[in-house]
Amino acid sequence: MEKQNRSKSANTLQTWALFLMRTAIGWHFLYGGLDKLLSQGWTSRAYLASSNWFLADVYHWMSGLPGLMSVVDVLNIWGQISIGLCLMLGLFTRMACIAGALLLALYYVTYVPTAVVNSQLIELIALGVLAGVPAANCLGLDLLLAIKRLSKLQPKVSRQQIIGDAKDRAPGEPLTDRREIIKSLAGIPFVAAMGTVAATRNIRFSNEEKELVDAFTGASRKAFTFQTLDDLTGQIPMAKIGGSDVSRIILGGNIICGFAHARDLIYVSELVRAYHTPLKIYESFMLAEKCGINTILTHPSVAPALNQYWKQYGGKIKFIADCGWMEGTDTLGAIDYSIDNGASLCYLQGEVVDQMVKDEKWDYLNKCLEKVRRQGLPMGIGAHRIESLIAVTEKGIAPDFWMKTFHPQTYWSARHPQWHDNKFCFNSEATIQFMRNRKEPWIAFKTMAAGAIHPQEAFRYAFENGADFICAGMYDFQMVEDANIALDVLSNGQLKRQRPWMA
């Protein structure tokens, strides 16, 4: 008897363990489906377009067909919801396990996994195990259905045969009692809890959209209405710097590094670093390339992410290194690191040059230029202050291209009497005059004054006043819109440009 009781306790424990595992996986599926359903404009297009493993060619083909993507998105959303509900309720469990495993397998082969065993593979294996468990041994609606079905087929059958109960059914006694009904409904509280979570989420977003004025009139509304690749009007044109093809709009890497220049909002740099997860960085690189932006200008610290993107995703985006300060080395060391890690062009970062000029380190500046040129790469000189570039030319130093901050002083904080990370080009007119007489290409940066000027105004101002290229920091949700603005500025034939194009 004691042995029988231990066996019964073990079976009960096993049953509840399987129920909890099934419910947890079902919760994950249901939450994923509801999250997509309640997220306005969700689509799997970018996810499929960036696939790089077994079915990459098929996924890339699918991502380019809007009609097919609409069907795929609907199947994805409602497939996850249906599988999640069935697993949590224990209804058609085997079918739901097989469908869930197939869906996870499709997810798993989308990307080369950074770890062979990940959460998708673990859940896939767990669903395989659950699919092999008899329905009558699982807590859920399948248990109730199994009992009802067998009661019709067999006039006398023991509970032990059906649900593991030691007591035999007497003739005419119903197979189901209150205990079996309660067991069959065990998943309903979890479904109700998920419904509460989903409703709360929906109410929260609805209230924000209805009650917060900024949600409709301010920049934050862009998060809900940003343009996609379907809205892209063309490809950013190219020009040459020292024989290297460079897009007229260059992706700025400051926000990826966390250099937000957010005036007195001290949390923003941490926020943008948190936003730019490795996958988000790769998605941003890929989106830039699809817009025709073939170059990123950034700190050497981003080089490992670029190398991973090139290797893992087959990306081609070029890398202009600012050769800025790196812990444990000087500018010459930063140059070596940048070139060793795939830089196509290099330049001396603006604040570095401003300090070199102030300290009159002319020999060191020349060494930096020569070091890059010996490697056959174009070398540029940057500055925040035009006085630094004037001093460089007076010393007879001529780079392959210039980097210079450039923006109008039309935003309110530019008129603040003290500098507090609010202004980056201190003399726009002097910059225009200096660049008008230079024959080398000019990349203008900080053209939007770190978000203070709309790109519509900033891009036109920079191109009309002599810039050959613009380095623009862009989040992924801004990229298509900014590309379209640049294309409009460059292609409408209305640029009142006095300086000839030097690239």
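The values are calculated or read from the model by the stated rules, or taken from the named source; none is laboratory data. Only a predicted model underlies this, so the values are computations on that prediction, with no experimental measurement involved. A quick note on method: Cβ atoms are made from the backbone with ideal geometry, for glycine too, and the neighbour counts reach across all protein chains shown.
Quick check: anything in region 225-239 part of a loop (DSSP other than H, G, I, E, B), modelled with pLDDT under 90, hydrophobic (A, V, I, L, M, F, W, C) and more than 30 Å from Ser70 (Cβ to Cβ)? No.
Here Glu394 clears all of (1) touching a residue at least 60 places away in the same chain (Cβ under 8 Å); (2) over 22 Å from Gly242 (Cβ atoms) except the condition numbered (1).
The rows are residues; the columns are (1) out of contact with any Asp or Glu (no Cβ under 9 Å at 6 or more places or on another chain); (2) surrounded by fewer than 20 Cβ atoms within 10 Å (Cβ to Cβ); (3) among the basic types (Lys, Arg); (4) assigned by TED's automatic domain parsing to the domain that holds Glu283.
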{"residue": "Trp27", "(1), (2), (3), (4)": "yes, yes, no, no"}
{"residue": "Leu30", "(1), (2), (3), (4)": "yes, no, no, no"}
{"residue": "Leu34", "(1), (2), (3), (4)": "yes, no, no, no"}
{"residue": "Leu38", "(1), (2), (3), (4)": "yes, yes, no, no"}
{"residue": "Ser44", "(1), (2), (3), (4)": "no, yes, no, no"}
{"residue": "Asp57", "(1), (2), (3), (4)": "yes, yes, no, no"}
{"residue": "Met62", "(1), (2), (3), (4)": "yes, yes, no, no"}
{"residue": "Gly67", "(1), (2), (3), (4)": "yes, yes, no, no"}
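The single condition among (1) in contact (Cβ under 8 Å) with a residue 24 or more places away in the chain; (2) over 21 Å from the mean Cα position of the chain (by Cα); (3) within 21 Å of Ser50 (Cβ to Cβ) that Asn76 does not meet is (2).
Rundown of residues vs (1) within 37 Å of the chain's Cα centre (by Cα); (2) within 15 Å of Met435 (Cβ to Cβ), yes/no style:
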residue	(1), (2)
Arg385	yes, yes
Thr393	no, yes
Ile397	no, no
Lys404	yes, yes
Ala414	yes, no
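Pairs are defined by a Cβ separation below 9 Å, a sequence spacing of at least 6 or placement on different chains, a first member in region 400-425 that is at positive phi, and a second member that is acidic (Asp, Glu) and surrounded by fewer than 21 Cβ atoms within 10 Å (Cβ to Cβ); the pairs so defined are Asp421/Asp264. What residue, of Leu30, Leu20, Leu13, is in a helix (DSSP H, G or I), under 18 Å from Gly140 (Cα atoms), out of contact with any Pro (no Cβ under 9 Å at 6 or more places or on another chain) and at pLDDT below 80? It is Leu13.
Among the residues of region 86-110, not one is surrounded by fewer than 19 Cβ atoms within 10 Å (Cβ to Cβ) and in contact (Cβ under 8 Å) with a residue 60 or more places away in the chain. Restricted to region 69-85, and to residues there that are of a type in the set (A, V, I, L, M, F, W, C) and touching a helix residue (DSSP H, G or I) at 6+ places or on another chain (Cβ under 8 Å), the residue that is surrounded by the fewest Cβ atoms within 10 Å (Cβ to Cβ) is Trp78.
Taking region 308-331 as the range and being surrounded by 22 or more Cβ atoms within 10 Å (Cβ to Cβ) and small (Gly, Ala, Ser) as the test, only Ala321 passes. Flag: Ser184 matches the condition of being modelled with pLDDT of 55 or more, more than 30 Å from Leu65 (Cα to Cα) and among the polar types (S, T, N, Q). Candidates Ala96, Ala49: the one that is at pLDDT below 85 and of a type in the set (Gly, Ala, Ser) is Ala49.
The residue that is nearest to the chain's Cα centre (by Cα), among those in region 81-117 that are part of a helix (DSSP H, G or I) and under 17 Å from Arg45 (Cβ atoms), is Tyr107. Among the residues making up region 248-307, those that are free of Cβ contacts under 8 Å to residues at least 60 places away in the same chain, assigned to a loop (DSSP other than H, G, I, E, B) and either in contact with a His (Cβ under 9 Å, 6 or more places away or on another chain) or buried (at least 16 other Cβ atoms within 10 Å of the Cβ) (or both) are Gly258, Phe259, His276, Asn294, His299.
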